[in-house]
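What follows is a set of notes on a single structure, which appears directly below.
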Amino acid sequence: MEKNPQSLNLSQVKEVLEKTLSSWVAERDRLNELDRALGDGDHGSTISRGAQAAIDSLQNGNFSSVNQVFGTVGRAMMTSMGGASGMLFGLFFRSAEKIPASEILDLGTLNALFGRGLEDLKARTKAQPGDKTIFDALVPALTSLRESRGDLVSALDEAASSAVQGAQQSAELIPKFGRAKTLGERARGTPDPGATSVALFFTGLAANAKSLSPQI
């Protein structure tokens, strides 16, 4: 069987997302610890709750397109998380349903649905890379995906590396939004929890997609 598939079928997309979201559940305490240095200390608990709700929805749902799979994740996160994180992550995933439906996930489709997610996020917040938010990992990851000329898995590997680097570099930034904004220089030295969550997500996507063989 071919390694590093060019695309994933519907059931594989569902499986990859379930496994990837479980990393947010597993990393709850570490994400809370990061957030204690910058905010309310509950980012890990919040995103873990959203991830578990999304996993439950995926396991109980029937889907005819990958767009519906990602949209279901978004709705579950938005309704279960609340607050800014629920709105941002929920909106990002729900935006997948605004692009033409597809029964497979290839690099072009992934770029289209994540690109639309980023557009919708930009329409809802003024945050941008350098502000110590999710954008510090998300924008580098999506830029890497868009510029990739490889297959789906190698593109995800590159995107994950970009997201991890962005999250790590966010440690030296001064926050421009949220409660962390009041910390000023004291916020240096701690990576942004949201950016770290994005890096975990792309790392999981890459690893879990790589573990599958195509059945299309």
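Can Lys126 be described as modelled with pLDDT of 95 or more and either basic (Lys, Arg) or under 14 Å from Gly194 (Cβ atoms) (or both)?
Considered against the rule, which asks whether it is modelled with pLDDT of 95 or more and either basic (Lys, Arg) or under 14 Å from Gly194 (Cβ atoms) (or both), Lys126 comes out as no.
State whether the residues of segment 11-26 include one that is of a type in the set (S, T, N, Q), open to solvent by less than 30 Å² (accessible area, probe 1.4 Å) and under 18 Å from Ala84 (Cβ atoms). No, every residue in segment 11-26 fails to be of a type in the set (S, T, N, Q), open to solvent by less than 30 Å² (accessible area, probe 1.4 Å) and under 18 Å from Ala84 (Cβ atoms).
Entry remark, segment 36-47: residues being open to solvent by 20 Å² or more (accessible area, probe 1.4 Å), within 17 Å of Lys132 (Cα to Cα) and in a helix (DSSP H, G or I) number 1 in total.
Selection of first residues in segment 48-60 that are surrounded by 18 or more Cβ atoms within 10 Å (Cβ to Cβ) and of second residues that are modelled with pLDDT of 95 or more and among the basic types (Lys, Arg), restricted to Cβ pairs under 6 Å at least 6 apart or on distinct chains, gives the following pairs, ordered by first then second residue: Ser48/Arg28; Leu58/Lys14. Name, by its number, the condition in (1) of a type outside the set (A, V, I, L, M); (2) buried (at least 18 other Cβ atoms within 10 Å of the Cβ); (3) more than 22 Å from Gly194 (Cβ to Cβ); (4) in contact (Cβ under 8 Å) with a residue 40 or more places away in the chain that does not hold for Phe63. Tallying (1) of a type outside the set (A, V, I, L, M); (2) buried (at least 18 other Cβ atoms within 10 Å of the Cβ); (3) more than 22 Å from Gly194 (Cβ to Cβ); (4) in contact (Cβ under 8 Å) with a residue 40 or more places away in the chain, Phe63 fails exactly one: (2). Out of the residues in segment 175-213 meeting the condition of being closer than 25 Å to Val13 by Cα and part of a loop (DSSP other than H, G, I, E, B), tell me which one is modelled with the highest pLDDT. Out of the qualifying residues, it is Ser211.
One line per residue, one yes/no per condition, for (1) in contact with a Ser or Thr (Cβ under 6 Å, 6 or more places away or on another chain); (2) more than 26 Å from Val25 (Cα to Cα):
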{"position": "Asn67", "(1), (2)": "no, no"}
{"position": "Thr72", "(1), (2)": "yes, no"}
{"position": "Ala76", "(1), (2)": "yes, no"}
{"position": "Ser85", "(1), (2)": "yes, no"}
{"position": "Ser95", "(1), (2)": "no, no"}
{"position": "Asn111", "(1), (2)": "no, no"}
{"position": "Gly115", "(1), (2)": "no, no"}
{"position": "Gly130", "(1), (2)": "no, yes"}
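The values are calculated or read from the model by the stated rules, or taken from the named source; none is laboratory data. Just so it is clear, the structure is predicted and the values come from calculations on it, not from any experiment. Neighbour counts run over all protein chains shown; Cβ positions are idealised from the backbone, glycine included. What goes into the accessible areas is simple: the full protein's heavy atoms, side chains included, and nothing from ligands, DNA or RNA. Shrake-Rupley method; radii C 1.70, N 1.55, O 1.52, S 1.80 Å.
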